[in-house]
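For reference, the structure discussed in these notes is given below.
The values are calculated or read from the model by the stated rules, or taken from the named source; none is laboratory data. Given the structure is predicted, the values throughout are model-derived calculations rather than measurements. Using ideal geometry, Cβ is built from the backbone for each residue, glycine included, and neighbour counts are taken over all protein chains shown.
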């Protein structure tokens, strides 16, 4: 009986260690969505000056928006990836942005919410805003500091 308790204890500890380990490099624990860039799109690069976490508030410009006016959100940019944490929603990390202008890249979530986040810089290289759009470019509003 004593040996059985030891075996059960060892198995329990082993299962705990295995279940808590992860090979996902995303430290935020967010679902990850890797967009496949289309032939007519250009791979984007986020300005390194935007790396970090940006606390924002949403301003709605469209009554159909899935995000309401005044909603808080955090956007974390690192390694050309965007982690989106909108108040009351599960977070998501988006990979493979497309370049839409010299000062804007768009991250497309075609995995879960079918939304696009257009991240733009201002003239000094800081975050200007994050526009929220449908994948077909219907404008919902913007997240600003």
- Residue identified as on the phi > 0 side of the Ramachandran plot, exposed (fewer than 14 other Cβ atoms within 10 Å of the Cβ) and modelled with pLDDT under 95 among 70, 125: 125
- Message: Checking residue 85 against (1) within 11 Å of the chain's Cα centre (by Cα); (2) buried (at least 21 other Cβ atoms within 10 Å of the Cβ), only one condition comes out false. Which one?
- Response: (2)
- Only one of 39, 73 is under 14 Å from the mean Cα position of the chain (by Cα) and either outside any strand (DSSP E or B) or touching a residue at least 12 places away in the same chain (Cβ under 8 Å) (or both); which? 73
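Looking only at residues that are surrounded by 10 or more Cβ atoms within 10 Å (Cβ to Cβ) and out of contact with any strand residue (DSSP E or B) (no Cβ under 7 Å at 6 or more places or on another chain) in the stretch 25-44, which one is modelled with the highest pLDDT?
Within the stretch 25-44, the subset surrounded by 10 or more Cβ atoms within 10 Å (Cβ to Cβ) is 26-35, 37, 41-44.
Restricting the remaining residues to those that are out of contact with any strand residue (DSSP E or B) (no Cβ under 7 Å at 6 or more places or on another chain) gives 27, 29.
Numbers: 27: 45, 29: 79.
My answer is 29.
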- Those residues of the stretch 47-65 which are surrounded by 15 or more Cβ atoms within 10 Å (Cβ to Cβ), modelled with pLDDT of 95 or more and in a loop (DSSP other than H, G, I, E, B), in sequence order: 65
- Message: Here is a check on your reading of the model: is residue 99 surrounded by fewer than 17 Cβ atoms within 10 Å (Cβ to Cβ), assigned to a loop (DSSP other than H, G, I, E, B) and more than 16 Å from the chain's Cα centre (by Cα)?
- Response: no
